[in-house]
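Every number here is computed from the coordinates shown, using simple stated rules; none is lab data. What you see is a predicted model; the values in this text were computed from it and never measured. So basically every Cβ, Gly included, is an ideal-geometry build from the backbone, and we count neighbours across all protein chains shown.
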Amino acid sequence: MDFKLVIFDFDGTLADTRKLIVICKQETMSEMGIRVLSEEECASTIGLSAATGFKQSYPDMSEEMIDKCVALYRAKFEEKKLEIPPELFPGVVETLEALMEKGIVCTIASARNSKSLKGFLSIMGIEKYFPYSLGGDDTELLKPHPEPVLKTLKDLGIPAEDTLVVGDMPYDVLMGKNAGTYACGVTYGNSSREELVRSGADYVVDNIQDILNYCLSF
């Protein structure tokens with residue numbers, strides 16, 4: 001396919017934030033006096049907003065308690081992100097460079113709030129590859145709802161059939177498919193190949209550079 005646009009997820013797709021997120025969630029749970037979830041349980045909600053993640057993990061929790069958990073989690077995240085700095089996955093820069101050289105537009109659709117997202121892009125030195133990005137506070141509805149993708153397509157004037165959504169979670173795949181785009185799942189993040197296939201991924205790759213096989217004409 002000759003894609004004109006690639007929309008990336010951030011956490012678990014471009015950057016390895018798993019350890020940081022899990023530790024902050026578990027410490028929040030411990031301090032709030034609620035059941036501390038396992039690493040796998042915590043990781044299963046990576047890619048969702050903090051509030052949605054807590055709601056999914058504790059369906060009977062009150063809105064007031066969820067708000068307190070989110071506030072504490074975010075404070076811990078800000079405190080620990082320098083202690084446990086996220087790193088780009090291998091091949092990310094090379095992939096973005098190759099896409100940019102071919103004139104393919106790269107954007108981000110993340111549930112992470114836009115201030116945090118843009119801060120990481122700057123610190124990691126990859127902001128130049130993303131002329132457009134959406135954080136979790138830039139749309140009313142979040143993945144797996146297609147709104148972040150639909151907004152991107154509308155703002156950039158690029159058709160869905162010319163677009164590839166890349167992410168590590170079923171939510172990312174469903175967001176793209178619900179918007180009518182192609183979707184690629186990556187297995188090195190926070191979900192399995194089987195989960196990505198079940199969610200409807202058109203492609204599944206083990207290394208981010210492998211998406212170039214579907215994006216570039218040689």
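So which GluC sites (Glu not before Pro) in the stretch 111-218 end up in coil per DSSP with only 16 or fewer other C-beta atoms within 10 Å?
Answer in residue order: E140.
Counting other C-beta atoms within 10 Å, which of R112, R74 has the fewest, and how do the rest follow?
R74, R112
To the nearest 10 degrees, how steeply does helix 18-32 sit against the main Cα axis of the chain, on a 0 to 90 scale?
Approximately 20 degrees, to the nearest ten.
Classify the stretch 18-80 as rounded, prolate or oblate from the Cα gyration tensor: take a ≥ b ≥ c as the square roots of its eigenvalues, call it rounded if a/c is under 1.5, otherwise prolate when a/b beats b/c and oblate if not.
Because its axes are fairly even, with a/c under 1.5, the stretch 18-80 counts as rounded.
Let me check I've understood the local charge: for L212, count other residues with C-beta under 13 angstrom from its C-beta, Lys and Arg +1, Asp and Glu -1. What total comes out?
Spelling it out: positives minus negatives among the neighbours equals -4.
Place +1 on the Cβ of every Lys and Arg and -1 on the Cβ of every Asp and Glu in the stretch 18-80, take the dipole about the Cα centre, and give the residue among F77, L37, I66 whose Cα lies farthest towards its positive end.
Most positive-ward Cα: F77.
Towards the positive end of the charge dipole of the stretch 79-159, with charges on Cβ (+1 Lys, Arg; -1 Asp, Glu), say which of S122, L141, V105 has the farthest Cα.
L141
Please work out the Cα center distance from the stretch 35-83 to the stretch 92-143, rounded to the nearest Å.
Cα centroid of the stretch 35-83 versus Cα centroid of the stretch 92-143: 23 Å apart.
Can you pull the Kirkwood radius for the chain, inverse mean 1/r over Cα pairs, to one decimal in Å?
Taking the inverse mean of 1/r over all distinct Cα pairs, the chain comes out at 17.4 Å.
Would you kindly calculate the translational diffusion coefficient of the stretch 92-218, applying Stokes-Einstein with the Kirkwood radius from alpha carbon pairs, for 37 °C and a viscosity of 0.692 mPa s, and quote it in µm² s⁻¹ without decimals?
222 µm²/s
When a/c reaches 1.5 or more, the comparison of a/b and b/c decides; with that in mind, is the stretch 70-140 rounded, prolate or oblate per its Cα gyration tensor?
Oblate, since a/c reaches 1.5 and b/c is not below a/b.
Quote to one decimal, in nm, the extra length available between A160 and V197 on full extension: 0.36 nm per residue of separation minus the C-alpha distance between them.
11.3 nm
For the chain, what is the percent of antiparallel DSSP beta bridges, rounded to the nearest 5?
Around 10 percent of the beta bridges assigned by DSSP in the chain are antiparallel ones.
Output the peptides 145-157, 89-101 sorted from most to least packed, where packing is the average of other Cβ atoms within 10 Å over each peptide's residues.
Highest-to-lowest ranking by the protection proxy: 145-157, 89-101.
List the lysines whose Cα sits under 21 Å from the Cα of K102, skipping any in the same chain fewer than 8 residues away.
Hits, sequence-local ones excluded: K4, K128.
Let me spell out the model: positive unit charges on the Cβ of Lys and Arg, negative unit charges on the Cβ of Asp and Glu, origin at the Cα centre of the chain. What dipole size does that give, in debye rounded to 20?
260 debye
So, with +1 on the Cβ of K and R and -1 on the Cβ of D and E, and no other charges, what is the size of the charge dipole of the stretch 44-155 about its Cα centre, to the nearest 20 debye?
60 debye
May I ask you to evaluate 6.51 cos²θ - 1.76 cosθ + 1.60, the Karplus curve with θ = phi - 60°, for each residue of the stretch 134-145 and list the ³J(HN,Hα) values in order in whole Hz, giving x for glycine and proline?
3J(HN,Hα) across the stretch 134-145, in whole Hz: 10, x, x, 9, 9, 9, 6, 10, 10, 3, x, 4.
Calculate for the chain the 222 nm mean residue ellipticity that helices alone would give, adding -39,500 (n - 2.57) per DSSP H run of length 4 or more and normalising by residue count, nearest 500 deg cm²/dmol.
Calculated mean residue ellipticity at 222 nm is -12500 deg cm²/dmol.
Could you grab the relative contact order for the chain? Cα pairs under 8 Å, six or more apart, rounded to a whole percent.
27 percent
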